[in-house]
1. When the residues of the range 154-169 are narrowed to those that are among the polar types (S, T, N, Q) and open to solvent by less than 50 Å² (accessible area, probe 1.4 Å), which ends up nearest to Thr232 (Cα to Cα)?
2. Can you name every residue in the range 289-340 that is part of a loop (DSSP other than H, G, I, E, B) and of a type in the set (A, V, I, L, M)?
3. Residues that are open to solvent by 40 Å² or more (accessible area, probe 1.4 Å) and among the aromatic types (Phe, Trp, Tyr): does the range 284-297 have at least one?
4. In the range 1-33, how many are within 16 Å of the ligand (Cβ to nearest atom) and either open to solvent by 40 Å² or more (accessible area, probe 1.4 Å) or of a type in the set (Val, Ile, Thr) (or both)?
5. Any residue in the range 94-104 that is part of a helix (DSSP H, G or I), among the small types (Gly, Ala, Ser) and within 15 Å of the ligand (Cβ to nearest atom)?
6. Checking the structure you have, find out if any residue of the range 109-116 is within 16 Å of the ligand (Cβ to nearest atom) and touching a helix residue (DSSP H, G or I) at 6+ places or on another chain (Cβ under 8 Å).
7. Could you list all residues from the range 117-136 that are away from the ligand (no atom under 12 Å from the Cβ), over 20 Å from Ala259 (Cβ atoms) and open to solvent by less than 10 Å² (accessible area, probe 1.4 Å)?
8. Scan (1) of a type outside the set (A, V, I, L, M, F, W, C); (2) touching a Ser or Thr at 6+ places or on another chain (Cβ under 8 Å); (3) at pLDDT below 95 for the single condition Tyr182 breaks and write down its number.
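The values are calculated or read from the model by the stated rules, or taken from the named source; none is laboratory data. In this text the structure is predicted, and so the values were computed from the model without any measurement. No Cβ is skipped: glycine too gets one built from the backbone with ideal geometry, and neighbour counts run over all protein chains shown. The accessibility values were calculated without ligands, DNA or RNA, using every heavy atom of the protein model including side chains. Shrake-Rupley method; radii C 1.70, N 1.55, O 1.52, S 1.80 Å.
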Amino acid sequence: MSQQLSDRINSLPVSQTLAMAAKARELKAEGRDIISLSLGEPDFNTPDFIKDAAIEAINQDYNSYTPVDGYVELKEAICKKFKRDNNLTYAANQIVVSTGAKQSIANIAQVLLNPGDEVLLPAPYWVSYSAIATLCEAKFVEIPSSIDSDFKITPEQLEAAITPKTKMIFFNSPNNPSGSIYSEKEYRALAKVLENHPQIYILSDEIYEHINYGTKPFSFAAIENMYDRTITVNGLAKAFAMTGWRIGFIGAPQWIAKACTKMQGQITSGTNCIAQRAAITAVLAEPSKVQYMVDEFKTRRDMVLNLLGEIEGFKLNVPEGAFYIFPDISAFFGKTFKGKQINNANDFSMLLLEEANVASVTGEAFGAPNCIRLSYAASELQLREAIKRIKEVLS
Ligand code: GLU
């Protein structure tokens, strides 16, 4: 029988972050000594106090279906977190807990976007934003930036990108992949532009909020007249080293939260019961309890920046948050290695994989074709070795 997949799936690109991580795993299984700096995943274990809460939940027989939008106790805990960390006031009926922030984002896109709507993506942006918008038959519109503007867009660029069809902007700070953090002043300047375009909703992805090195991230919804148009997305994966637990959540206007619950009710139902019980403990914990991981990430960031800085052709900025380095490597375009020409970031990333046994992610996946992404959520030993290999190949 012929294989007749839908046009939808045929036109959907594979997630480049996951694809590169899978490739690295595959090569490792074949015996290659690969160092994977591809996936954005803390290399720490989930803290014991959170694991204990999960074990207790199992022993207390939490095993039934959960409310589609999450346990009330978790939603109330999330409201406290929003107040404590972001000065945002949400009621429990404005919260929806999902299977990872990725599902939260997909829900929002599904409930707000119609075919033909335009979604603004300040580039670089996380790989799945464009795919999620495309699945809704919306058109994504990139707003480019470069390392020279610290990978941030200006209010003028935002204004120029808006058309009568613009329905949403996906905003992410601290940013994956660049690590840049918009200051409160920069947020307010962008909000000033959006004030004149009341039809635009803001998806503010704040998943890296706690992983910052001094610049405290700000929340879009904290700007007075943006609250009613903003959906704040967050989750536990990054700051609490809980990637596999799959807990994401939103704070949103109630009508949007209700629609997301309806959508989720037809697709996945409520999130895993044990993970939700553990999440109550995690969100109520003071961020200082996970600061040891952030401190470690900062030490590694500094080390990686120093070591990469020694390689001619790597143009670097200083990421203020998240755990990625996003160098501009366009100086290598046009050069040849072992008879193969490096024409773009894809070629460069493949060169690192094939010749240095180091997995990275091409910047093309993030709408930044001059760059590659290296995750420094890896041990100091691995990072040193990876950069040594990269240096050897490039010299
Ligand atoms: N968000 C992480 C990354 O960018 C995890 C992989 C994914 O879901 O894209 O690497």
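1. This residue is Thr166.
2. Across the range 289-340, the qualifying residues are Ile311, Leu316, Val318, Ala322, Ile329.
3. Yes: the range 284-297 contains one or more residues that are open to solvent by 40 Å² or more (accessible area, probe 1.4 Å) and among the aromatic types (Phe, Trp, Tyr).
4. Counting residues in the range 1-33 that are within 16 Å of the ligand (Cβ to nearest atom) and either open to solvent by 40 Å² or more (accessible area, probe 1.4 Å) or of a type in the set (Val, Ile, Thr) (or both) gives 9.
5. Within the range 94-104, one or more residues are part of a helix (DSSP H, G or I), among the small types (Gly, Ala, Ser) and within 15 Å of the ligand (Cβ to nearest atom).
6. Taking every residue of the range 109-116 in turn, at least one turns out to be within 16 Å of the ligand (Cβ to nearest atom) and touching a helix residue (DSSP H, G or I) at 6+ places or on another chain (Cβ under 8 Å).
7. Leu120, Leu121, Ala123
8. Looking at each condition in turn, Tyr182 falls short on (3).
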